[in-house]
Amino acid sequence: MNERLKHAAYPFVASEPVTDLVETRGVALARGVRFGQILVTGPPGSGKSTLIRRLGGWPEEGYVDLTRDGWWRARSLALRPREVHFGLPFVGEPRALALFDPQWLRCWRALELEPERIRLPPPKRHPWSTDWRARLDFEFLLPSPDTIVVLRRARARWGTHPIDADIDPEQIRAQVMIYSQVALYFQRQGMIVHLREQADRPPRRIHEHGETQTTRP
């Protein structure tokens, strides 16, 4: 794990509020983001379903394996806004793992994200090619780990999510850190990325070295 990431601000990456906002269905969005671009992601219990309900988006969860070439064309992403879970690459693991997979839950202390194996859509090179990087806006729900602990303990009383049967604050901290790494990697590769502390909070944008990254329309 990158030592700078461990000690960065909210929650593990440096960010600042987006100041140029528009409201869509009662949800604050960065100006230039279109309703049909939005994909909501984040660790278990972060409030993804709540944000999708607020947006009036597609109710079913989607899953994408980020190690597969062409995942950005997956049918699970065709209907947006939508909640999506990521299959992520980890060192020594031949297949991608979601953070609720039994293998990840068993071995999470020893697993390290391997972002170099994440496949990304190529940049737009020709006027007639599809600019996939501009089509998808990833809204990363990244509450503090302590907040997720509270949310998941409350949800556990309903018994709707098997993952809530065993709530480990350190494991939740690792999940938030991993999704923070993915958000930072996406940002550095030119993808549209916004962060949210909770479903009812306005978006934030990542910035590094004191320089603000602008939102692409």
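The values are calculated or read from the model by the stated rules, or taken from the named source; none is laboratory data. Note that the structure is predicted; figures quoted are calculated from it, not measured. Positions of Cβ are backbone-derived with ideal geometry, glycine not excepted, and every protein chain shown enters the neighbour counts. Remember, those area values only see protein heavy atoms, side chains included, never the ligands or the DNA or RNA. Shrake-Rupley method; radii C 1.70, N 1.55, O 1.52, S 1.80 Å.
Here are some notes:
- Considering residues of the range 162-186 that are assigned to a helix (DSSP H, G or I), open to solvent by 30 Å² or more (accessible area, probe 1.4 Å) and touching a Lys or Arg at 6+ places or on another chain (Cβ under 9 Å) only, the residue modelled with the lowest pLDDT: ILE163
- Sub-7 Å Cβ pairs linking a first residue in the range 105-129 that is over 10 Å from LEU88 (Cα atoms) to a second residue that is of a type outside the set (Lys, Arg) and assigned to a helix (DSSP H, G or I), at least 6 apart or interchain, are TRP108/GLN171; TRP108/ALA174; LEU111/TRP104; ARG119/TRP71; PRO121/TRP72; PRO121/TRP132, ordered by first then second residue.
- Test result for ARG68, among the basic types (Lys, Arg), more than 27 Å from PRO123 (Cβ to Cβ) and surrounded by fewer than 16 Cβ atoms within 10 Å (Cβ to Cβ): no
- Flag if ARG25 is surrounded by fewer than 15 Cβ atoms within 10 Å (Cβ to Cβ), closer than 16 Å to PHE138 by Cα and in contact (Cβ under 8 Å) with a residue 24 or more places away in the chain: no
- Scanning the range 95-113 for residues that are outside any loop (DSSP other than H, G, I, E, B) and either among the acidic types (Asp, Glu) or farther than 17 Å from PRO43 by Cα (or both) gives a single hit, ALA110.
- Here GLY87 fulfils each of the conditions (1) in contact (Cβ under 8 Å) with a residue 12 or more places away in the chain; (2) in contact with a strand residue (DSSP E or B) (Cβ under 8 Å, 6 or more places away or on another chain); (3) open to solvent by 10 Å² or more (accessible area, probe 1.4 Å) apart from (3).
- Any pair with Cβ under 8 angstrom, 6 or more apart, that starts in the range 42-57 at a residue that is more than 10 Å from PRO81 (Cα to Cα) and part of a loop (DSSP other than H, G, I, E, B) and ends at one that is open to solvent by 40 Å² or more (accessible area, probe 1.4 Å) and not acidic (Asp, Glu): PRO44/PHE100; PRO44/HIS161; GLY45/LEU151; GLY45/ARG155; GLY45/HIS161; SER46/LEU151; GLY47/LEU151; GLY47/GLN198
- GLN187 fulfils the conditions (1) in contact with a strand residue (DSSP E or B) (Cβ under 7 Å, 6 or more places away or on another chain); (2) touching a residue at least 60 places away in the same chain (Cβ under 8 Å); (3) of a type in the set (S, T, N, Q) except for a single criterion, (2).
- Take the conditions (1) modelled with pLDDT under 95; (2) outside any loop (DSSP other than H, G, I, E, B); (3) within 18 Å of the chain's Cα centre (by Cα); PHE12 misses just one of them, which is (2).
- Looking across the range 114-161, the residues that are of a type in the set (D, E, K, R), part of a loop (DSSP other than H, G, I, E, B) and closer than 26 Å to LEU29 by Cα come down to LYS124, ASP131.
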